[in-house]
Amino acid sequence: MVSSLRLGQFLRGHNGAYTIGKQLQETVWLAKIESNQSVIVRSVHRFRLQNERDVLKHFQYRTPFIRPLVDELVEPSDPPAIIKYVARGTLEALKVLHEDNFVHTGLCNINIDTKPDNVLLNHGQGKHTLFEVQLADCGSTVPSDSAYARDGDLIGAPIRRSPEAHFQNGWGTATDIWSYGALLVTLVYGDNFFLFKPDVPADHDEYELKILQRQCEFFGPFPLTYRGICPQETLDMLAYITQSIPPEKKKPFARISEKEVSKEDKEFILKIMTLDPRDRPSAAELLQDECHDKL
């Protein structure tokens, strides 16, 4: 069996944090806790893990001659924790791409690899499902100064495509940030929910126009600053989109109740989903947001 652990991996338990170090055997690793004390980490099959954990807990205080169960790793089993874990992992990947001025362009396939193995920490500490968040579908990743970006080639799925990419007026790393925000909304709501899903099928002539209208309904209106980055033809389209939305159909995301989205998540999403790409924070800046402090 291949171990789920890797050199340098960071794990968190109820009583502390652990960094994986030297591999001693196929499924046995040496790790360090924050006080620099060495501990043993073992990755074994689920049944053996659970059985050893139960045995160690049963005899925990009976004798000092049976190795102790020191800590149990925290498993991100509740949806909010998993969402934040995926959100942070995706931002970490985007940060690396954007530091070298590469644009992912297809931020719609996130591979969450849930390892089936459990981890026994320091002589057998409780179960822990390992999650690895990996950014996939990099076949369309291009430099932000490429002809594709400058010319505003159509990219990604329309439902998560940024406004500037819809208008084909040129795009950069900020387009990934918008797509990330759209993905985050889907994760928060669950059930494959798409905030900008129009009321027409994908093959309809006005499908993409309807998506732009939905973007304006939730995060509009389009700011006057668009005049500095768009030709007159696009500005005319923006005016049409804005005027075509009846007042009763406007649904500002800022007014969504906390029953739907928590205040913390809503504020984070609003930072991201700005219609002018120049106003969007970078992946590095978003990683500094206080909502990630508990991860």
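Tabulated data
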{"quantity": "Single unsatisfied condition, Arg278 versus (1) surrounded by fewer than 16 Cβ atoms within 10 Å (Cβ to Cβ); (2) part of a loop (DSSP other than H, G, I, E, B); (3) in contact (Cβ under 8 Å) with a residue 12 or more places away in the chain; (4) not β-branched (Val, Ile, Thr)", "calculated": "(2)"}
{"quantity": "Positions within segment 234-248 being under 12 Å from Pro221 (Cα atoms) and among the hydroxyl-bearing types (Ser, Thr, Tyr), in sequence order", "calculated": "Tyr240, Thr242, Ser244"}
{"quantity": "Pair list, Cβ under 9 Å, 6 or more apart: segment 21-48 residue over 16 Å from Leu7 (Cα atoms) and β-branched (Val, Ile, Thr), other residue exposed (fewer than 15 other Cβ atoms within 10 Å of the Cβ) and at pLDDT below 75", "calculated": "Val44/Met1"}
{"quantity": "Qualifying residue in segment 226-244 (condition: aromatic (Phe, Trp, Tyr), surrounded by 12 or more Cβ atoms within 10 Å (Cβ to Cβ) and closer than 25 Å to Leu286 by Cα)", "calculated": "yes"}
{"quantity": "Qualifying residue in segment 193-216 (condition: assigned to a loop (DSSP other than H, G, I, E, B), within 15 Å of the chain's Cα centre (by Cα) and in the same structural domain as Asp265 (by TED's automatic domain parsing))", "calculated": "no"}
{"quantity": "Qualifying residue in segment 226-248 (condition: in the same structural domain as Trp178 (by TED's automatic domain parsing), in contact (Cβ under 8 Å) with a residue 60 or more places away in the chain, in a loop (DSSP other than H, G, I, E, B) and farther than 26 Å from Glu206 by Cα)", "calculated": "no"}
{"quantity": "Matching option when the condition is of a type outside the set (A, V, I, L, M, F, W, C), surrounded by 14 or more Cβ atoms within 10 Å (Cβ to Cβ) and at pLDDT below 90, among Thr175, Thr186", "calculated": "Thr186"}
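Rundown of residues vs (1) in a helix (DSSP H, G or I); (2) modelled with pLDDT of 90 or more, yes/no style:
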| residue | (1), (2) |
| --- | --- |
| Val86 | yes, no |
| Thr90 | yes, no |
| Gly106 | no, no |
| Gln125 | no, no |
| His128 | no, no |
| Gln134 | no, no |
| Gly139 | no, no |
| His166 | yes, yes |
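The values are calculated or read from the model by the stated rules, or taken from the named source; none is laboratory data. Computed from a predicted model, the values in this text were never measured in an experiment. Note that we place each Cβ from the backbone using ideal geometry, even for glycine, and neighbour counts take in every protein chain shown.
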